[in-house]
Amino acid sequence: MQPTVTFFSGFNINDLWFLGEAALRTMWISLLSISIGTVIGAIFGWILYEGKLAATLTVAPILDIFRSVPLIIQLVLFYNFAPIIGLNLDPFASGVVILTIYTASLVANVARGGIEAVGTPMRRAARSLGMTYWQDLRHVVLPIGGRAVFPAWVGVALGVMKDSALVSVLGYVELLKASQILITRTQEPFLILTLAGAFYFALSYPISRYAAALEKRWAQ
């Protein structure tokens, strides 16, 4: 008598560990992309503010493309066309590149809004006290403008963290991809997706609470 072949198996503790490792991968790719993208976006925001017409005609259209084109299309196009120009990147590296550029395109307008939030009279007062242009940016614009747009930046960061799930289309085993793998094997979509949602919540909630605590401290 032929032995029974089992294609599906129930959820077990090793699967939970598998989801946990995938959550760490999600956190890692998000952390890299948000950190680098924020720095680049801040630079672009400064260019948009100072460049005026020139930046509007050059930088702004490029940033608009990355904000407007769906992220999944950007990921697939870059991953497939990068080898043509000699960039043999794995799914993780490709995901970091596109998520970084995507983050920068969103942060650019946030950064420009932060600079604009600091009134011209205040900046003139800083210069009249003997501050250089860069000292003005560091000691006046950054603290005041940064606080003004901090909630918007937190929203961008949380959005990018959730959007990192789209890197799964490249084969990178982050939280969503791991969930799909387990659903295929266990045939328990409700349980797996509930756990995946819990992991996403565990990654996002501390950030939102810490941001709220910072805002409350700054308001005192």
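FYI, it's all coordinate maths here, none of it is from the lab. All figures in this text were calculated on a predicted structure; none of them were measured in a lab. Every residue, glycine among them, receives a Cβ derived from its backbone with ideal geometry; neighbour counts consider all protein chains shown.
First check a/c for segment 142-185, with a ≥ b ≥ c the square roots of the eigenvalues of its C-alpha gyration tensor; if it is under 1.5, answer rounded, and if not, answer prolate when a/b is larger than b/c or oblate otherwise.
It is prolate, given that a/c is not under 1.5 and a/b is the larger ratio.
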Inset, instruction - For the chain, give the magnitude of the charge dipole about the Cα centre (Cβ charges: +1 Lys/Arg, -1 Asp/Glu; no others), in debye to the nearest 20. - result: 780
Inset, instruction - Pull up the cross-link candidates among the aspartates and glutamates for residue 177, meaning alpha carbon to alpha carbon under 17 Å and not fewer than 8 places away within one chain. - result: 15, 21, 90, 163, 188
Inset, instruction - Could you check which residue among 100, 194, 26 shows the biggest mean-square fluctuation in a GNM of the chain with a 10 Å Cα cutoff? - result: 194
Inset, instruction - Putting +1 on Lys and Arg Cβ atoms and -1 on Asp and Glu Cβ atoms, find which of 93, 53, 16 reaches farthest to the positive end of the dipole of the chain. - result: 53
Inset, instruction - Determine which lysines satisfy two conditions relative to residue 216: a Cα distance under 30 Å, and not lying fewer than 8 residues away in the same chain. - result: 162
Legend entry - Loop-resident sites, segment 37-131, for trypsin sites (Lys or Arg not before Pro), counting at most 16 other Cβ within 10 Å (DSSP): 52
Legend entry - For segment 15-160: rounded, prolate or oblate by the Cα gyration tensor [a/c cutoff 1.5]: prolate
Legend entry - Spatial separation of Cα centroids for segment 60-120 and segment 182-220, in angstrom: 24
Inset, instruction - Would you kindly derive the ³J(HN,Hα) couplings of segment 146-160 from the backbone phi angles with the Karplus curve 6.51 cos²θ - 1.76 cosθ + 1.60 (θ = phi - 60°), listing them in order in whole Hz, with x for Gly and Pro? - result: x, 5, 5, 9, 4, x, 5, 5, 4, x, 5, 4, 5, x, 5
Inset, instruction - Just check segment 21-91 against the gyration tensor rule for me: Cα atoms, a ≥ b ≥ c as the square roots of the eigenvalues, rounded for a/c under 1.5, and otherwise prolate or oblate depending on whether a/b exceeds b/c. - result: oblate
